[in-house]
Each structure stands twice: as C-alpha cells, then as structure tokens.
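**Q** Sending over a structure as structure tokens; questions will come in a sec.
The values are calculated or read from the model by the stated rules, or taken from the named source; none is laboratory data. Keep in mind the model is a prediction, meaning the values are calculated, not measured. Cβ sites come from the backbone with ideal geometry, for glycine too, and all protein chains shown count toward neighbours. We work out accessible area using only protein heavy atoms, side chains counted, and drop any ligands, DNA or RNA first. Shrake-Rupley method; radii C 1.70, N 1.55, O 1.52, S 1.80 Å.
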Amino acid sequence: ASTKVKSYGKINLTLDVTGSEGNFHTLDSFVASVDLYDLVVATARKDKLVSVRFKGLDAELIPFENNNAIKAAEAFIRRFQTNGAEIVIHRNIPASAGLGGSSADISGVLNALKKLYKIDDEVAVKEIADSLGSDTGYMLKGGFCRIRGRGEQVERLPEGKTGKLYLL
C-alpha cells in the first residue's frame, strides 16, 4: 500500500517570542498556510524499518542527524506499533526561508503514516508533532490560526474558502 499527502508551508503574519521552555522558544503568533507544499509519498513495509529520501531543492544534503522527518516516522511507529515505511519527500518549500519547510516535512510524514496505517488518534499524532517542533502540531491541519506556548496551543480563526494564503 502507498499514499501521497501534500504538506503546506506557512507564513507568520505576526511573531512574538514570549520566553523559552527547554530547547524551544515560547511564542504568540498568527500563522497562515501558503499555497506551496512538499509532497510526501509513503509506502508500507513489512518490517519496522523506516527510510526517508528527499528530492528537490538540494534537500538530499540534509545531514542525517538533522532529519526531523525520520524522527517523526520513528516516533509514529513506536507510538502506534505499526510497520515501517519507505518515505520520499519531494521538496518545494525552500529551506531556511521562514516558510516552515522542516515542520511541513514532519507533519507531512505524520499525516502520510496516519493515512497509510488508518490511525485516527489525532491527539496522539499531535503530541508527536509538538514534541518535534514549535509549529508542527499546527501544520498537521494548517489554515489561519493563532499559536501560543511552544506552538502546541492552536486556536483556529475564521478563514476563506481554501484556508490558505496565496503568495503572488
């Protein structure tokens, strides 16, 4: 079995750093999804192993120890006791551009595995996302939101038809 998901980038409309908690900054920010996404393709394995490959935008150069997408996949498999997956991430969101590329990869991997293995525990998936980054829990669904704390406090705001902010 195989599945594909689009994982959209985001833009911070406001960003107030309010302190720190562990290795993360605490923040208060209004964020919106943008119409720029990484495509995550996940194929089920029969064992518990995970592989993550990147394509596009020199993402192949991401050092293994900085590969948060593989950390997300491994955490998912441990939490839900599923089999592993072959994951390919087709990068369209530029790295270090402030558009949430790494967080999009984390949330995209979690959403792909959730779909692949038919897991509907939204709370547990968000806990995994929140443990890996400050806006990753928000990026599981995206849209127009206010995020606070380490980003785990997500408040949905009224949005237009698509829930995305289009970059021109």
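**Q** Note down the magnitude of the dipole of the chain about its Cα centre, charges +1 on Lys and Arg C-beta and -1 on Asp and Glu C-beta and zero elsewhere, to the nearest 20 debye.
**A** Result for the chain is approximately 600 debye, rounded to the nearest 20.
**Q** Run the simple label-point estimate for Arg156 and Ser2 please: 7 Å along Cα→C-beta, distance reported in nm.
**A** Calculated label separation equals 3.2 nm.
**Q** Continuing with this model, one more query. Sticking to Cα atoms, compute the Rg of segment 4-47 to one decimal and its Dmax as the biggest Cα-Cα distance, whole number, in Å.
**A** Rg then Dmax for segment 4-47, in Å: 15.9, 45.
**Q** Please report, as a whole percent, how much of the solvent-accessible surface of the chain comes from carbon and sulfur atoms (probe radius 1.4 Å).
**A** C and S fraction of accessible area: 53 percent.
**Q** Taking only C-alpha pairs under 8 Å that are 6+ residues apart, what is the relative contact order of the chain in percent?
**A** This gives 30 percent for the chain.
**Q** Please give the per residue accessible area of the chain, computed with a probe of 1.4 Å over protein heavy atoms only, in Å².
**A** That works out to 52 Å² per residue.
**Q** Students often forget the sequence filter, so: which aspartates and glutamates lie under 14 Å Cα-Cα from Lys10 once same-chain residues fewer than 8 apart are removed?
**A** Output for Lys10: Asp35, Asp38, Asp105, Asp135.
**Q** Mind checking the alpha-carbon convex hull of segment 30-117 and giving the volume per residue in Å³?
**A** 100 Å³
**Q** Rank Leu113, Leu27, Leu57 by mean-square fluctuation in a GNM of the chain with C-alpha springs under 10 angstrom and give only the top-ranked residue.
**A** In the Gaussian network model the winner is Leu57.
**Q** With springs only between Cα atoms under 10 Å apart, run a GNM on the chain and tell me which of Leu36, Leu99, Leu15 wobbles the most.
**A** Comparing Leu36, Leu99, Leu15 in the GNM, the peak value goes to Leu15.
**Q** How big is the Cα convex hull of the chain in projection, averaged over all directions, in nm²?
**A** Over every viewing direction, the Cα hull of the chain projects on average to 9.7 nm².
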